[in-house]
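Remarks on the structure that follows.
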Amino acid sequence: MQKTNQQDKMMTMPVNKLMLSMGIPMILSMVLQAVYNIVDSAFVSNMKENGENALTALGLAFPVQMLMVAVGIGTGVGVNALAAKCLGQGDKKRAGIAAQNALFMALLIFIVFVIFGFFGVKPYISSQHSNEISTAMAVDYLQICCIFSFGIVFFSIFEKLLQSAGHSVYSTIAQIAGAVLNMILDPVMIYGLFGVREYGVKGAAYATVAGQIFSCLLALIFHMKFNTDIKIKFSHFKPSFVVIKQIYSIGIPAIIAQALMSVMTYGMNIILGNISDSMVTAYSLYYKVQQFVLFAAFGLRDAITPIVSYSYGMKNQERIKNGVKYGIIYTLVIMTAGLLIIELFASPFAKLFGMSGETKSLFISAMRIISISFIFAGTNIAFQGIFQALDGGRESLIISILRQLIFILPVAWLFVIFITKFSVGSWLVWSTFPIAEFLTAFIAVILFRLLNKKNNFAI
């Protein structure tokens, strides 16, 4: 009976209600994904010694952590859209085959990150920073996260499989459980409480991977128990290039969209380092705080994609139209709320991380200037989900490249040159982000109209 109810919900529930019922758990899930990094930062910044160096170290490691999430979630988004489309067409067998191939790819992804953990972490960290204390801390932290990355990689697949069949509440429960475990273990392992050895920055990494592995195990259990529409059978399984290609025709734009966050952060760390180490620390911490808002939009985007994709498989233009409309409206509501919260609580956030002096001032100015971009960023994120659902992978990729690469790093680099040459306030470099999101939103609307015309949609 549960199987029929889930299918009926995707087919007949009013889209505005369906998007809320699916989107709220996904939003919570993605926001909790941001908890892992921000909680680590809050605890390590208050270490007895080298708190600010530890905070910088986590900022240096952060781009690779985002890359892990990017590849995992991108693969998950691909199988999410493909499985949802198959279920919309009534083809459960093909949905199961898609899941099997996604898990096969997750294994390969994990192996790659383990190899990077052993051989690539130190050169990568050293390319961004020269401070020996921060560099050593960053290497220790990131190596642990890479070597035990199977938790985050496989969780990303099971999470999206649950979401594709309308079981997003279970993926959220798994995410919450892992985040809570991370928060409990962080002070215990960082500071050495209750007789546990004081691990410092390494303790933050151990707490993070423990939470990720716990989430993964719960998501696997929920999938096996509740996700009866998508059966995984590995007996006589052979990877299918055709299915993997279908997954990544949708997933690669999503991976690039997330991975570009890593590239952008890595590039900004190098660019801002030309001004001061305080700029690097302020930006890396701001980016983690900002993720609570951006990841909420990503969560809703991940509800938009299966809803619109399912309707696309049914060839129901009215539900496609409503999916687009409510997806954009609800995303703008989230981003407006995020803008107000960050503008109002910029100073308290700085106190939470024990900041003072120049770093505190730079962090607050970043909070108040960059957050102006949220409204346009929300529009761009919603369109990425819509494009992915309507076989517009190319359009989604264009949006990602524009907002996180083309309109960011070159402009920021020019602004930094201007700042250092003419002694202009460092606030100028933060304005790069509102400019980039506004220009990208303008182009996204044009691409959407062209896609409508191509597909003969009356949207």
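Of LEU107, ALA81, MET47, which is farthest along the charge dipole of region 14-126 in the positive direction, counting Lys and Arg as +1 and Asp and Glu as -1 at C-beta? Sorting the options by dipole projection puts first ALA81.
DSSP loop chymotrypsin sites (Phe, Trp or Tyr not before Pro) in region 379-459 with at most 15 other Cβ atoms within 10 Å of their Cβ, which ones? Don't skip to the end; give the middle numbers.
On the way: sites: PHE383, PHE387, PHE407, TRP413, PHE415, PHE418, PHE422, TRP427, TRP430, PHE438, PHE442, PHE448, PHE457; in loops: PHE407, PHE457.
Sparse-neighbourhood loop chymotrypsin sites (Phe, Trp or Tyr not before Pro): PHE457.
Ranked by how many other Cβ atoms sit within 10 Å of their own Cβ, fewest first, the residues LYS225, LYS9 fall in the order LYS225, LYS9. Spin-label model, ILE341 to LYS48: label points 7 Å out along the Cα-to-beta-carbon direction sit 3.5 nm apart. Cα centroid distance between region 161-181 and region 250-313, in Å? Comparing the Cα centres of region 161-181 and region 250-313, I get a distance of 21 Å.
Remark: region 189-197, residue by residue, has Karplus-estimated 3J(HN,Hα) of 8, 6, 8, x, 9, 6, x, 7, 4 Hz, where x stands for each Gly or Pro and the curve is 6.51 cos²θ - 1.76 cosθ + 1.60 at θ = phi - 60°. Between PHE118 and THR12, the distance separating the two model label sites (each 7 Å from Cα on the Cα→Cβ line) works out to 5.6 nm. Positive-end ranking of THR420, TYR283, VAL153 along the dipole of the chain, with charges on Cβ about the Cα centre, is headed by VAL153.
Counting other C-beta atoms within 10 Å, and keeping those with at most 11, which DSSP coil chymotrypsin sites (Phe, Trp or Tyr not before Pro) do you find in region 194-290? All intermediate terms of the calculation are to be shown ahead of the outcome.
Values: sites: PHE194, TYR199, TYR206, PHE214, PHE222, PHE226, PHE234, PHE237, PHE241, TYR248, TYR266, TYR283, TYR286, TYR287; in loops: PHE194, TYR199, PHE234, PHE237.
Here the chymotrypsin sites (Phe, Trp or Tyr not before Pro) that fit, given the DSSP loop and packing criteria, are PHE194, PHE234.
Modelled spin labels at VAL242 and LYS321, positioned 7 Å past Cα toward Cβ, are 3.5 nm from each other.
I'd like the FRET efficiency for ILE270 and LYS421, computed as 1/(1 + (r/R0)^6) with the beta carbon distance as r and R0 of 25 Å, rounded to 0.05.
Details: r = 18 Å, r/R0 = 0.73.
Result of the calculation: an efficiency of 0.85.
For region 287-350, count the residues as N, evaluate 2.2 N^0.38 Å, and divide the Cα radius of gyration by that value, please.
This ratio for region 287-350 stands at 1.42.
Only the coordinates and a few stated rules stand behind these numbers; no lab work does. If you're wondering where the values come from, they're calculated on a predicted model, not measured in any experiment. We place every Cβ from the backbone using ideal geometry, glycine too, and count neighbours over all the protein chains shown.
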